[in-house]
Amino acid sequence: MAGATVFMFSGQGSQYYQMGKELFAQHAVFRDWMLRLDELAYRESGKRVLDAIYSSAKSEVFDRTLLTHPAIFMVEYALAQCLIHEGIRPDMVLGASLGSFAAAAVAGYVELEDAMRAVVGQAKAFEASCERGGMIAVLAEPLLYEEDFLRNHSAMAGVNLANHFVVSAAGHSLAFIEQNLRQQGVSHQRLAVSFAFHSPWIDPAREQFVSCMQTIAVRSGEIPIVCCARAATLSKLPEGFFWQVVCQPIHFKKTVDCLEQQDGPYRYIDVGPSGTMATFVKYNLSASSLSTGHSILTPFGRDRKNFDALLALQ
């Protein structure tokens with residue numbers, strides 16, 4: 001296929017129980033990486049993340065940060081390595097929030113073991129320092145955020161589409177916000193997260209996480225990394241990068257718009273658990289764009305079929 005290949009890595013809220021189960025059962029490379037990554041996570045957290053992922057029904061809420069942080073990282077890194085093994089290599093990686101850790105590891109900015117240490121270290125910092133909170137995806141124009149019930153009780157966490165944004169709030173404000181959205185007839189969904197990422201409510205975790213990062217080496221990468229916090233393509237990670245990507249808003253729409261104005265077309269491949277980023281890409285592309293968006297894992301299954309269909313396009 002023509003065009004540069006972009007691997008996209010999503011963050012918190014994209015996870016669910018049983019994610020990647022079909023590939024884990026059927027693809028040896030994916031399974032081997034998941035097992036290896038589980039050992040790394042266990043070394044850092046004392047938790048068997050793989051057991052947690054496949055321990056409960058898909059319909060149950062999977063939101064324990066000490067488990068979901070490494071779980072998302074594991075699935076994304078393993079899927080990226082599967083694609084590379086099959087001959088699909090990224091020309092650049094795009095990270096949103098937590099997904100930036102896996103993106104940076106795949107692109108060579110950090111060693112795999114260090115990336116896992118940072119992921120678990122960040123989860124520990126959140127659980128030790130932050131009050132409970134949450135995030136709500138809102139299907140409306142971001143202008144709605146200017147209304148008092150949102151502006152005074154939440155933080156703008158990100159804009160994904162012209163009519164899709166996300167807010168973060170303290171736990172005690174979530175029901176109030178949802179009640180007002182219902183009264184206005186605005187479609188919305190609470191994400192499966194335990195903290196108000198991309199907001200001032202996670203600031204108490206910063207000091208502990210920064211201390212953790214002092215033991216982790218960041219180097220020059222092998223390919224560019226597209227940062228959704230900056231809506232920019234980077235060849236070097238700035239100081240504080242791994243904190244910035246989880247505390248600053250996600251500018252996904254702006255990021256895709258910026259890429260589309262550069263050399264293209266692009267083949268955007270979503271290596272996240274939910275496939276949502278591929279959907280966002282498709283809605284963000286102009287009618288004249290030759291770029292394409294592709295999902296593999298979704299909560300609805302067909303993971304192996306999606307994987308094989310992508311390989312068939314080479």
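The values are calculated or read from the model by the stated rules, or taken from the named source; none is laboratory data. Just so we're clear, the structure is a prediction, and the values are computed from it rather than from any experiment. Quick reminder, even Gly has a Cβ in these numbers, built from the backbone with ideal geometry, and neighbours come from all protein chains shown. These area figures cover heavy atoms from the full protein model, side chains too; ligands, DNA and RNA do not enter into them. Shrake-Rupley method; radii C 1.70, N 1.55, O 1.52, S 1.80 Å.
Below are the figures for this structure:
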read-out	value
Top-ranked residue in region 94-124 [being in contact with a Pro (Cβ under 8 Å, 6 or more places away or on another chain) and over 21 Å from Arg48 (Cβ atoms); ranked as surrounded by the fewest Cβ atoms within 10 Å (Cβ to Cβ)]	Ala107
Listing of helices (runs of 4 or more DSSP H) fully contained in region 224-314 that carry 3 or more residues being over 18 Å from the mean Cα position of the chain (by Cα)	252-260, 303-312
Subset of region 125-163 (residues that are of a type in the set (Gly, Ala, Ser), buried (at least 21 other Cβ atoms within 10 Å of the Cβ) and out of contact with any His (no Cβ under 8 Å at 6 or more places or on another chain))	Ala125, Gly133, Gly134, Ser154
Matching residues in region 21-62 - criterion: being surrounded by fewer than 16 Cβ atoms within 10 Å (Cβ to Cβ) and assigned to a loop (DSSP other than H, G, I, E, B)	Gly46, Arg48, Tyr54, Ser55, Ser56, Ala57, Lys58, Ser59, Glu60, Val61
Pair list, Cβ under 7 Å, 6 or more apart: region 216-232 residue more than 17 Å from Glu113 (Cβ to Cβ) and touching a residue at least 40 places away in the same chain (Cβ under 8 Å), other residue open to solvent by less than 40 Å² (accessible area, probe 1.4 Å) and in a loop (DSSP other than H, G, I, E, B)	Glu222/Ala107; Glu222/Gly108; Ile223/Pro90; Ile223/Ala107; Ile225/Ala107; Ile225/Tyr109; Cys228/Ala96
Subset of region 98-128 [among the hydroxyl-bearing types (Ser, Thr, Tyr) and closer than 23 Å to Ala157 by Cβ]	Ser100
Tally, over region 209-249, of residues that are in contact with a Ser or Thr (Cβ under 8 Å, 6 or more places away or on another chain) and more than 24 Å from Met156 (Cα to Cα)	5
